[in-house]
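Quick notes on the structure that follows.
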Amino acid sequence: MLFTKLFIIFLSAVLVHNYVLNRFLGICPFLGVSKNSSAAFGMGMAVIFVMTIASMATWLIQHYLLIPFNITFLQTITFILVIATLVQFVEMVIAKTSPALQQALGIFLPLITTNCAVLGVATINSDSNLDFIGSIVNGLGAGVGFTIALLLMSAIRERLDIIDIPECMKGIPIAFIIAGLMSLAFMGFTGLVSQ
Amino acid sequence: MQTVFTAILLLGGLGLAFGLVLGYASKKFAVKIDPKLKSIIDSLPGSNCGACGFTGCMGFARAVADARTSPDGCVLMDKKETKLVSKTFPILLCQRAAGQQEKFHYTGVKTCKAAMLVNGGNNLCDYGCLGFGDCAKICPFGAVSFKDGLPVFNESLCKMCGKCIEICPKNIIKLVPKNQKVYIACNNKDKGKAARSVCKVACIGCGICVKACPAGAITLEDNLAIIDAKKCTNCGECVKKCPTKAIVKQ
């Protein structure tokens, strides 16, 4: 029963309430880092990682600090603080322990500090009253959903480079149109899970 | 009241704790930077102006260390000595700002770019400085100040990144070699009478300076005198002879 519940949370975060294409969070990296697949993959992996641990940390902060002391109105600023610290810390650890991984993630890791999708996951976790495990799974699913959206987008944009597009549509305009169409397509998942 | 103190204590405490953790981590997990990379970073200006096309000086230093780009990509670096020198200097090709003689009273958004959209700006002279200071705003080094409505470039602060030149909608900022002290502070390409009617200190293309120059460094082009920096000896004859005082000696 627990597994079913977690699977539904996961599926909901990946497809039904995809953070990029349904909740429209994290549009900036979605358009900025989707020019080629390898960069998109690196960014996606970094986001999965950060979202998962951020869900974990913010849940603990929320339930052991903010709620007991009755200061949940400080949620946003606290979550930003936690996420920024976490990302900085993780980057330092990775730089020391695995330079190869740091090379692969490159600039993406510090960029995620300011990614609204990460903050979005943390706030949505607390808004929808998920438990600890549920929060982690939701964070993981959000990251996976983000990666899927980013990879699809980058694959499309790689093809766009070689085909004939009207001059006025080249670059960002066509990317916006495609993002909109992808969002429409993802709306087809609505109803797959009723939450 | 208690909530306020709880909030301050808790958030302050969190900030302090995180700060300590990060401070400790930065010592504990300190990574040795490649000495080559470090020496490159040290020799860069560190202003992160981005004119090289990389994400700041660090990005450029990495690219140089990996031999992805050549060290002279930094616009502030001397090509041969790879140290900071600036051999050129920006000048303004105008002596009369919009505020002094207006074509119409402009009350719109106070930027040159916006003013330019309204019939080419409010300066009576179509070639002249609009004086809203886009150049001063974009300068990452604070080298552009305003005096009497015209930008003044501070030689010791200017790093030659060229951002003011790019942003000027009138294209009247120009780089000249530092040793050239004499220049024509006007960009009006209209015929003499038309130029004179909009500005008292315009170059009217009379050609007196061309004849006066002992080195033959001045030529006329589009009713505008041009000084050849290679031939100019900074003698200042043209400055004395110019009837409209359009030639300036620094």
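Which residues, taken from the range A:54-74, are under 20 Å from A:Cys116 (Cβ atoms) and at pLDDT 90 or above?
Result: A:Ala54, A:Ser55, A:Met56, A:Ala57, A:Thr58, A:Trp59, A:Ile61, A:Gln62.
Can you find a residue that is away from chain B (no Cβ under 11 Å) and either touching a Pro at 6+ places or on another chain (Cβ under 7 Å) or free of Cβ contacts under 8 Å to residues at least 40 places away in the same chain (or both) anywhere in the range A:84-94?
Scanning the range A:84-94, I find no residue that is away from chain B (no Cβ under 11 Å) and either touching a Pro at 6+ places or on another chain (Cβ under 7 Å) or free of Cβ contacts under 8 Å to residues at least 40 places away in the same chain (or both), so the answer is no.
Within the bounds of the range A:39-59, is there any residue that is on the phi > 0 side of the Ramachandran plot and either within 11 Å of chain B (Cβ to nearest Cβ) or not basic (Lys, Arg) (or both)?
No, because not a single residue in the range A:39-59 is on the phi > 0 side of the Ramachandran plot and either within 11 Å of chain B (Cβ to nearest Cβ) or not basic (Lys, Arg) (or both).
Within the group A:Val14, A:Val82, which residue is surrounded by 19 or more Cβ atoms within 10 Å (Cβ to Cβ), β-branched (Val, Ile, Thr) and within 23 Å of A:Gln102 (Cβ to Cβ)?
Testing whether each residue is surrounded by 19 or more Cβ atoms within 10 Å (Cβ to Cβ), β-branched (Val, Ile, Thr) and within 23 Å of A:Gln102 (Cβ to Cβ) leaves just A:Val82.
Just one of the numbered conditions (1) closer than 20 Å to B:Ala195 by Cβ; (2) buried (at least 16 other Cβ atoms within 10 Å of the Cβ) is not true of B:Ala114; which one?
It is condition (1) that B:Ala114 fails.
I need the helices (runs of 4 or more DSSP H) fully contained in the range B:1-75, keeping only those with at least 3 residues that are touching a Leu at 6+ places or on another chain (Cβ under 9 Å), at pLDDT 80 or above and within 10 Å of chain A (Cβ to nearest Cβ).
Helices (runs of 4 or more DSSP H) meeting the threshold: B:2-28.
The values are calculated or read from the model by the stated rules, or taken from the named source; none is laboratory data. Given the structure is predicted, the values throughout are model-derived calculations rather than measurements. Cβ sites come from the backbone with ideal geometry, for glycine too, and all protein chains shown count toward neighbours.
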